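The values are calculated or read from the model by the stated rules, or taken from the named source; none is laboratory data. Only a predicted model underlies this, so the values are computations on that prediction, with no experimental measurement involved. A quick note on method: Cβ atoms are made from the backbone with ideal geometry, for glycine too, and the neighbour counts reach across all protein chains shown.
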Amino acid sequence: MRSDGPDLPVSWAGEVTVCPDGPLLVRGPVRLLTIDGVEVEQGRNVLALCRCGRSRLKPLCDGSHRASRFRDPADGDEMAHVLRHATLPRSSGTAE
Amino acid sequence: MSLDHEQTALWRHRLGHDEPVALPRARGPVTAALLDTLVMPASDGPLDPDLDWSGPMAEAAVDDDLQLALWLSYELHYRGLAGVDDDWEWHPDLQRIRRQWESHFLDSLRHHTAGLSSEPAGPLEPELGRRVAQRLRALADTDHGPSVSGRLMKTATAEQFAEFLIHRSLYHLKEADPHTWSIPRLSGAVKAAMITVQLDEYGLGDRAAMHAQLFRNLLDDWSLDSRYGHFLDVVPGVTLLSSNLISLFGLQRRWRGALVGHLALFEMTSSTPNGRYARGHRRLGGGDAAARFFDEHVVADAVHEQIAAHELAAGLARTEPPLADDIEFGARCSVYADLAFGRHLLGAWDAGRSSLREPALVR
C-alpha cells in the first residue's frame with residue numbers, strides 16, 4: 001500500500017551539502033550571484049564551493065583543503081544546534 | 001574512394017567517430033594465439049590451448065602478454081578491434097579463457113594490495129558508511145614518495161611529458177566508459193550518485209565538453225596522434241593494467257563494490273595531480289585551450305571525490321554491507337595501479353630511458 005509520505009525522494013530544489021573537512025556541494029537550480037546581485041553565469045551540474053579558504057580557484061574547491069588540513073566534522077546535530085541557538089553545543093570540543 | 005565511402009568518412013569526421021582498434025603485435029604466446037584466433041570467424045572452435053597464461057602469479061598484473069590479451073578481449077566490448085568479427089565479444093570459449101586470465105590477474109592484485117594500509121590516524125567511525133569513506137580517505141592520503149605529477153610539474157622534459165600523455169591516452173580516450181558499466185547494476189540514490197559523476201565526464205551531453213574530447217584536444221596540442229587506441233603497441237603492461245582493472249570490475253556485477261571503490265579512490269587522488277600536470281604543461285609551452293583537460297579535472301574531481309566517497313561508496317556499503325570489503329579492495333587496486341605506473345615511469349626516466357616499449361614509434 002503506497003502513501004505519499006516523506007519516504008519519496010525529493011527533487012533537487014536547490015540544496016547545499018556540507019562535506020566533512022571539505023567544501024560545500026551545491027545542487028539544483030541555484031543562481032550564483034555577486035554581492036551586487038549580478039548573476040554569475042555557470043552551467044555546472046554540481047558546484048563544490050571552497051570552505052577552507054585555500055582554493056586558488058575560488059569560489060570553486062580545487063582540493064586545497066587536504067593540504068591545508070582544514071577540519072570540520074560537519075556533524076548534523078551540532079550544525080542543527082548552531083542554526084537554532086547561534087551558540088556552540090555544550091558537548092562540542094571546540095575551544096573558544 | 002567511392003562516393004558512399006567519402007560520405008561516410010565525412011560524417012565520421014563531422015560527428016566524431018572512433019574506429020575499431022588496429023590489431024597490435026603479439027607480446028608472447030598468449031597474445032600470439034589470441035591474435036591468430038580473433039582474425040577467424042567467431043563460429044569456429046575450439047580455441048587454441050596456448051591461450052592460457054602460465055607466468056609467475058606476482059607478475060600477472062604487469063605482464064605484457066597477459067595484460068595485452070586482457071585489453072584486447074575487453075576492447076571487444078568497447079570500440080571493437082579492426083577486422084575482428086563482433087561475435088567474438090560474447091563467444092563462450094573466449095569468455096572462459098578470459099575468466100582464467102582474470103583469475104591470474106586477481107591473484108596478482110590481491111598479492112600486491114595486501115600491504116597497502118587503510119588504517120586512519122584517528123578512531124574508527126562506528127557507522128559502516130562513514131567508516132568506508134574514512135578508510136578510503138586514509139588510503140588516498142598515504143604518502144608514497146616522489147610522484148609522477150611532481151616530476152611532470154617541475155622537471156620533466158617535453159619528451160617525457162609526451163610519453164605520459166601517450167600512456168594515459170589508452171584510458172582517457174574512452175574516459176568514463178569503463179565505470180559506466182556499473183550503472184545497470186546499481187539502484188536508487190547510489191545509482192543517482194554514479195550518474196551525477198558520469199554526467200560531468202560526458203560533458204552533460206555536450207560533445208565538446210566530454211572529457212575524452214578534452215583529452216583529444218590535449219593530444220592534438222602536443223602533436224600526438226589522437227586517434228582512439230593508436231598507441232596500443234607502444235605502451236607496456238603496467239599501463240594496460242590501469243584500463244584493464246576498471247574493465248575487470250566494471251563488466252561484472254560481482255565486482256560492483258570494487259568498481260565503486262576504484263572510482264572513489266581515482267577521484268580522490270585526481271584534483272591535486274591534475275593541477276600539477278597543468279603547470280607542467282604550461283611550463284613546457286602547452287596551450288591554454290589544451291590545458292582545459294587538466295584544469296577541468298581539478299574542479300570536476302573536487303566535486304566527484306565528495307560524491308564518490310560519501311554517496312557512492314558509503315551508500316553502497318550501507319545498502320549492501322557485504323560489499324564493504326570489495327569497495328576497499330577496489331580502492332587499493334587503484335592505488336597499486338597508480339604506484340606501479342609511477343614507479344615504471346620514474347624508473348625509466350631516472351635511468352635516462354624512454355618509458356615506452358619503442359620510443360622510435362612516437363610521432
- Failed condition for B:F161, given (1) over 30 Å from B:P20 (Cα atoms); (2) part of a helix (DSSP H, G or I); (3) touching a residue at least 24 places away in the same chain (Cβ under 8 Å), with all others met? (1)
- Output for region B:98-134, where each listed residue is of a type in the set (G, A, S) and either at pLDDT below 95 or under 15 Å from B:M57 (Cα atoms) (or both): B:S103, B:S108, B:A114, B:G115, B:S117, B:S118, B:A121, B:G122
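What residue, of A:R90, A:R84, is more than 27 Å from B:Q198 (Cβ to Cβ), out of contact with any Cys (no Cβ under 9 Å at 6 or more places or on another chain), in a helix (DSSP H, G or I) and of a type in the set (K, R)?
None of the other options fit; the residue is A:R84.
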- Note on the structure: Residues of region A:6-36 being exposed (fewer than 10 other Cβ atoms within 10 Å of the Cβ) and either within 19 Å of A:S55 (Cβ to Cβ) or facing chain B (nearest Cβ under 10 Å) (or both), in sequence order, are A:P9, A:T34, A:I35
- Residue that is touching a Cys at 6+ places or on another chain (Cβ under 9 Å) and in contact (Cβ under 8 Å) with a residue 40 or more places away in the chain, where the choices are B:L259, B:L224, B:L245, B:L218: B:L245
- Item | Qualifying positions in region B:1-39 - buried (at least 16 other Cβ atoms within 10 Å of the Cβ) and among the β-branched types (V, I, T) | B:V21, B:V30, B:T31, B:T37
- Query: Quick check: is even one residue across region B:327-338 buried (at least 19 other Cβ atoms within 10 Å of the Cβ) and of a type in the set (V, I, T)?
  - Reply: yes
- Message: Let me spell it out: the conditions are (1) surrounded by fewer than 12 Cβ atoms within 10 Å (Cβ to Cβ); (2) away from chain B (no Cβ under 11 Å); (3) not charged (D, E, K, R), and A:A67 meets all of them except one. Which number is the exception?
- Response: (2)
- Message: Restricting to region B:139-179, and then to whatever is surrounded by fewer than 16 Cβ atoms within 10 Å (Cβ to Cβ) and β-branched (V, I, T), can you tell me which residue is farthest from the other protein chains (Cβ to nearest Cβ)?
- Response: B:T157
- Query: All but one of (1) surrounded by fewer than 23 Cβ atoms within 10 Å (Cβ to Cβ); (2) within 30 Å of A:R27 (Cβ to Cβ) hold for B:F249; which doesn't?
  - Reply: (1)
- Item | Single match in B:L70, B:L66, B:L76 (criterion: at pLDDT 95 or above, surrounded by 18 or more Cβ atoms within 10 Å (Cβ to Cβ) and in contact with an Asp or Glu (Cβ under 7 Å, 6 or more places away or on another chain)) | B:L76
- Task: Could you list all residues from region B:109-132 that are of a type in the set (A, V, I, L, M) and more than 22 Å from the chain's Cα centre (by Cα)?
- Result: B:A121, B:L124, B:L128, B:V132
- With the first residue restricted to region A:26-45 and required to be under 20 Å from B:A209 (Cα atoms) and charged (D, E, K, R), and the second required to be surrounded by 11 or more Cβ atoms within 10 Å (Cβ to Cβ) and at pLDDT 90 or above, Cβ contacts under 6 Å at 6 or more apart or on different chains are A:R27/A:E15; A:R27/A:V46
- Any chance region A:49-60 includes a residue that's more than 11 Å from chain B (Cβ to nearest Cβ), closer than 30 Å to B:F294 by Cα, polar (S, T, N, Q) and more than 14 Å from the chain's Cα centre (by Cα)? no
- Message: With the condition being more than 14 Å from chain A (Cβ to nearest Cβ) and under 20 Å from B:S118 (Cα atoms), I'd like the helices (runs of 4 or more DSSP H) fully within region B:250-363 carrying at least 3 qualifying residues.
- Response: B:256-268, B:314-319, B:324-350
- Scan of region B:295-349 for residues that are under 16 Å from the mean Cα position of the chain (by Cα) and farther than 20 Å from B:T142 by Cβ, ordered by number: B:H297
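Would it be correct to say that B:G55 is at pLDDT 95 or above and more than 30 Å from B:M268 (Cβ to Cβ)? Let's see the steps before the verdict.
Details: at pLDDT 95 or above: no; more than 30 Å from B:M268 (Cβ to Cβ): yes.
Spelling it out, it is not the case that B:G55 is at pLDDT 95 or above and more than 30 Å from B:M268 (Cβ to Cβ).
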- Item | Residues of region A:57-74 satisfying the condition of being without any contact (Cβ under 8 Å) to a residue 12 or more places away in the chain and more than 15 Å from B:V303 (Cα to Cα) | A:R69
